[in-house]
1. Inspect region 13-24 for any residue being more than 20 Å from residue 178 (Cβ to Cβ), among the charged types (D, E, K, R) and either within 16 Å of the ligand (Cβ to nearest atom) or touching a residue at least 12 places away in the same chain (Cβ under 8 Å) (or both) and give the result as yes or no.
2. How do the strands (runs of 3 or more DSSP E) wholly within region 1-108 filter down when requiring 2 or more residues that are of a type in the set (Gly, Ala, Ser) and buried (at least 17 other Cβ atoms within 10 Å of the Cβ): which remain?
3. Filter region 189-204 down to residues that are closer than 21 Å to residue 309 by Cα and either within 16 Å of the ligand (Cβ to nearest atom) or part of a loop (DSSP other than H, G, I, E, B) (or both), then give me how many there are.
4. Say we look at region 326-342 and pick out the residues that are within 21 Å of residue 282 (Cα to Cα) and surrounded by 17 or more Cβ atoms within 10 Å (Cβ to Cβ); which of these is nearest to the chain's Cα centre (by Cα)?
5. Looking for something without any contact (Cβ under 8 Å) to a residue 60 or more places away in the chain, outside any strand (DSSP E or B), of a type in the set (Lys, Arg) and over 14 Å from residue 65 (Cβ atoms) - is there at least one such residue anywhere in region 205-214?
6. Return the residues of region 176-188 that are surrounded by 20 or more Cβ atoms within 10 Å (Cβ to Cβ) and more than 13 Å from the ligand (Cβ to nearest atom); say none if nothing qualifies.
7. Does residue 304 count as in contact with an Asp or Glu (Cβ under 9 Å, 6 or more places away or on another chain) and free of Cβ contacts under 8 Å to residues at least 60 places away in the same chain?
8. Suppose we keep only residues that are closer than 18 Å to residue 58 by Cβ and among the charged types (D, E, K, R) within region 218-261. Which one would you say is surrounded by the most Cβ atoms within 10 Å (Cβ to Cβ)?
Amino acid sequence: MSVVCAVETTKQQAVDLVLGERKANQAAMHEAEAFAATNIALCKYWGKRDLELNLPLTDSLSITLPDKGAKTRLQISNNEHDVVYLNNVQLTDVHPFFQRVTKFLDLFRVHQCKFKLWTESNIPVAAGLASSACGFAALVQALDQLFNWHLTKQELSILARLGSGSASRSLWHGFVHWQAGVEPQGLDSFAKPLKTLWPTLRIGLLVFSEKPKPISSRKAMQQTVATSPLFSTWPQTVAEDLAKIKVAIDNQDLQHLGETAEGNAMAMHALMQSSRPAIVYSTCETLQAMQKIWQARKQHLPLYFTQDAGPNLKLIFEAAILPQVEALFPGMELVIPFRSEK
Ligand code: PMV
């Protein structure tokens, strides 16, 4: 009788599978620089089928925020240790960002080389504004350039996912669909852009707090999957919401897009709140803003929101109601996802 033993793929094995022979390519440039924009999920990723490889249990769909993101400059250095700057401040090796980034870089070192890295981000770090999504998407692009690998966007999406799940969606502009895939090694779990443009679509950022979140999305996801009595309903909710959102995008139907995206975010937060112990990212400001939005909708203003793992909200609306939205939320930061198509 033969015994079949399931061996889990490590991150290093996943990287080596993607890079193949290119890993040995030592024709490194002196320096590389890349920018990646952040993305906001309209249909959320919440729950993993593989914790090590950030393989999701469900598909998800996002919109990229073109001007908001991270720029990363990378060099191979002669130092004995990695050197990491975040927003022009050199980090010590106990800083969580230093540890996360250098651990990720370990996967790509040729002959144990050390790196010097500068990241500048124009969004608050770890405040539920997907700073890790653009951070890892920029980093894999910088690595690709530095080592002349010429990876495809699909391959870059797989590598970025190993840093942070949502980073797999930050390689493209516009609407992006991340397919969960079924393979244990995750080579079929990458994102793809949708063709549809929506020039009148607007996203408004309501930033109530720039403080790092009380619990990381990684931990919160695990706790939710392990303890929420509602979690079994989530994959079906996502399947239905994703299909509705795709139809709404095709029809440029803001009402259906907004209602579904908002409902999806509320369902994700209901899972978190029902986990044990409860995870609550909303603050009084978050709830007050929600009330204002629902009140405005009662008065026929087509304004919707989504919320990630933090207290901040992202408004979803069309250009025609911008003056009313600005009057309601004077502090809102406007993002035009399809700016060049205006
Ligand atoms: O990629 P992570 O581990 O930061 O998780 C992202 C989770 C959400 O932002 C809440 C949802 C999503 O799909 O982006």
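1. Kept after step one, since they are more than 20 Å from residue 178 (Cβ to Cβ), are these residues of region 13-24: 13, 16, 19-24.
Keeping just the survivors that are among the charged types (D, E, K, R) gives 16, 21-23.
Subsequent filtering for residues that are either within 16 Å of the ligand (Cβ to nearest atom) or touching a residue at least 12 places away in the same chain (Cβ under 8 Å) (or both) retains 22-23.
Looking for residues that are more than 20 Å from residue 178 (Cβ to Cβ), among the charged types (D, E, K, R) and either within 16 Å of the ligand (Cβ to nearest atom) or touching a residue at least 12 places away in the same chain (Cβ under 8 Å) (or both), one finds at least one in region 13-24, hence yes.
2. Correct list: 31-43, 60-77.
3. 2
4. My answer is 332.
5. no
6. If the condition is that a residue be surrounded by 20 or more Cβ atoms within 10 Å (Cβ to Cβ) and more than 13 Å from the ligand (Cβ to nearest atom), then 186 is the only one that fits.
7. Spelling it out, residue 304 is indeed in contact with an Asp or Glu (Cβ under 9 Å, 6 or more places away or on another chain) and free of Cβ contacts under 8 Å to residues at least 60 places away in the same chain.
8. Filtering region 218-261 for residues that are closer than 18 Å to residue 58 by Cβ and among the charged types (D, E, K, R), the one surrounded by the most Cβ atoms within 10 Å (Cβ to Cβ) comes out as 241.
The values are calculated or read from the model by the stated rules, or taken from the named source; none is laboratory data. From a predicted model like this one, the values you see are computed outputs, not experimental measurements. All Cβ positions, glycine included, derive from the backbone under ideal geometry; neighbour counts span all protein chains shown.
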